[in-house]
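Here's the structure we're looking at; comments come further down.
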Amino acid sequence: MPAATNRPDHPHPEGPARHGVVSIGYEGREIDEFVRDLAARGVTVLADVRLNAVSRRRGFSKSALKTALDANGISYLHLRGLGNPRENRSVFSGDQVEEGRVAFRALLSSDDARRDLDTLRSVAAENVVAVFCFERDEQRCHRKVITDEVGS
């Protein structure tokens, strides 16, 4: 199943997808605008791929986020096995993005990651799933590895 391509910087030419995976970060966003964006893109499930589903940004910690999503008919799914460990995060913001991707790809062979990838594929077969974490730019985020993996 190919990954959907309706990302904010590359809108899908045919409108919101009916199933598949999109990628989204919440950096610099407010919760209300973020949830409206999900709804406009046809997202029915938000897959949180943060290792720890907490945030200093109001509305983006697990329970507050789940409440905002529920109020808008969007389900929440925490796929902790697809989280990027702290020691691999800084390379994504520097000049070593490919090194970070290689390190993260290696982590995808763990039992937890394989299980969560299978869950993501299964849910995306019948829903539009937004793979979600902090970074706005997917190219500088481990989400890119996840969306590539699920799309293959």
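Each residue of segment 51-59 was assigned a 3J(HN,Hα) from its phi angle through the Karplus expression (A = 6.51, B = -1.76, C = 1.60, θ = phi - 60°), giving 4, 10, 7, 10, 8, 7, 7, 4, x Hz with x at Gly and Pro. Under the simplified labelling scheme, the Ala125-Lys62 pair shows an inter-label distance of 2.7 nm, with each label point 7 Å from Cα along Cα→Cβ. Note down the nm distance, to one decimal, between modelled labels 7 Å out along Cα→Cβ at Val54 and at Glu99. So the label points at Val54 and Glu99 sit 2.8 nm apart.
Accessible surface for Arg105 stands near 100 Å², nearest 10, in the context of the full protein assembly shown (1.4 Å probe). Between Arg18 and Ala71, the contour length at 0.36 nm per residue exceeds the Cα-Cα span by 17.0 nm.
Leaving ligands and nucleic acids out of the surface, order His142, His78 by accessible area at 1.4 Å, largest first. Mind dumping the intermediate values first?
On the way: His142 10, His78 50 Å².
Greatest to least solvent exposure: His78, His142.
In this structure the amide hydrogen of Ser61, modeled in the peptide plane, comes within under 5 Å of the amide hydrogens of Ser55, none closer than 5 places in sequence on its chain.
Computing the accessible area with a 1.4 Å probe over protein heavy atoms, can you report the carbon and sulfur percentage for the chain? Roughly 48 percent of what the probe reaches on the chain is carbon or sulfur. Phi angles of segment 27-41 translate, via the Karplus equation with coefficients 6.51, -1.76, 1.60 and θ = phi - 60°, into HN-Hα couplings of 3, x, 10, 9, 4, 4, 5, 4, 5, 4, 4, 4, 4, 5, 8 Hz per residue; Gly and Pro are given as x. Its Cα centre serving as origin, the chain has a Cβ charge dipole (Lys and Arg +1, Asp and Glu -1) of approximately 340 debye.
Average 1/r across all pairs of distinct alpha carbons in the chain, invert it, and you get the Kirkwood radius: 15.3 Å.
The values are calculated or read from the model by the stated rules, or taken from the named source; none is laboratory data. Values in this document were obtained by computation on a predicted structure and should not be read as measured data. Cβ atoms come from the backbone with ideal geometry, glycine included; neighbour counts cover every protein chain shown. The protein model used for the area step is the full one, side chains on, heavy atoms only, and it has no ligands, DNA or RNA in it. Shrake-Rupley method; radii C 1.70, N 1.55, O 1.52, S 1.80 Å.
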